[in-house]
Amino acid sequence: MSDLTRFGVSLEKALLEEFDRALKEQNYSTRSKAIGDLIRQSLAERRWKKGKASAGAITLVYNHHKKELLNKLISIQHDYHNLIISSQHVHLDHDQCLEIIAVKGNPGELESLYLKLKSEKGVGYASLTSAMAGKIK
Ligand code: NI
């Protein structure tokens, strides 16, 4: 962290108290760190929506016993290989697999990859998380 700037914030008392309780639950040591994280998250979402953000993670949970599902998921990932940085497969239990796919590229294309994976029959959970890519100016 460099070039720190201090600024004053006025908030309703009840809102600040609730915020402080939430910080405690999340083990934040300072309000500054928590507010910084909120701002980064908000900027990342804005960039994502504007089509400027370009990195994130797709998380899938699926039953690998479902016929042909594994092959379909792999085939879709090969169709979009240029967007995929890496993937991690975790065998959650006898039936369920967790897959975390790190992605980078055009947000519209990332969304399309996500929707294809998500819509396969047997995928029980799917999420696409956007992350900050590039510097904040
Ligand atoms: Ni597995």
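Quick note: the coordinates plus some simple rules give every number you see, no bench work behind them. Values in this document were obtained by computation on a predicted structure and should not be read as measured data. Positions of Cβ are backbone-derived with ideal geometry, glycine not excepted, and every protein chain shown enters the neighbour counts.
Quick rundown of the values:
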read-out: Order by protection proxy (mean Cβ within 10 Å, highest first), peptides 25-36, 92-103; value: 92-103, 25-36
read-out: Extended-chain gain in nm, criterion 0.36 nm per residue less alpha-carbon gap, Tyr125 and Ile100; value: 7.8 nm
read-out: Three-way shape label, the range 1-80, alpha-carbon gyration tensor, a/c 1.5; value: prolate
read-out: Pairs beyond 24 Å (Cα-Cα), from Lys66/Lys104; Lys67/Lys104; Lys50/Lys104; value: Lys66/Lys104; Lys67/Lys104
read-out: On Cα atoms only, tilt of 107-118 relative to the major axis of the chain in degrees; value: 50
read-out: Using a Förster distance of 25 Å, the FRET efficiency for Leu115-Val61 (Cβ separation, nearest 0.05); value: 0.95
read-out: Using alpha carbons only: equivalent-ellipsoid semi-axes of the chain, gyration tensor based, whole Å; value: 36, 19, 12
read-out: Protection-proxy order for peptides 109-121, 67-79, each taking the mean of Cβ atoms within 10 Å per residue, highest first; value: 109-121, 67-79
read-out: Theoretical FRET efficiency, 1/(1+(r/R0)^6), r = Cβ-Cβ of Ser42 and Arg21, R0 25 Å, to 0.05; value: 0.75
read-out: Measure of compaction for the range 54-131 (Cα Rg per 2.2 N^0.38 Å); value: 1.01
